[in-house]
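Undergrad: Got a structure for you, written out below as structure tokens; questions coming shortly.
Nothing in this text is a laboratory measurement; each read-out follows from the coordinates by a stated rule. A quick note: this is a predicted structure, and the numbers were derived from the prediction, not measured. Because the Cβ atoms are built from the backbone with ideal geometry, glycine has one as well, and the counts that use them run over all protein chains shown.
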Amino acid sequence: MKQGIHPDYGPVVAVDITSDSHPFWTGTARRLDSEGRVEKFQRRYGGSR
């Protein structure tokens, strides 16, 4: 790396998303409803060929 062109590294002071607050890690994540997506695709673009 070139010297003098990179910012100084330090500890992170504030983070918006952490494992304590992210829905995936807290168990409050919503699952997307994927049921019916294949049927919707088949209706739109045709069933079997």
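Undergrad: Considering the options Trp25, Gly10, Val38, tell which one lies farthest towards the positive end of the dipole of the chain, charges being +1 on Lys and Arg and -1 on Asp and Glu at the Cβ, about the Cα centre.
TA: Val38
Undergrad: Semi-axes of the equivalent ellipsoid of the chain: what are they in whole Å, largest first, if each equals the square root of 5 times a C-alpha gyration tensor eigenvalue?
TA: Numbers: eigenvalues 425, 94, 8 Å².
For the chain, the semi-axes come out at 46, 22, 6 Å.
Undergrad: Mind giving me the FRET efficiency for Gln3 and Trp25? R0 is 22 Å, r the Cβ-Cβ distance, nearest 0.05 is fine. Write down the numbers at each step before the final one.
TA: Working: r = 39 Å, r/R0 = 1.75.
Computed FRET efficiency for Gln3 and Trp25 comes out at 0.05.
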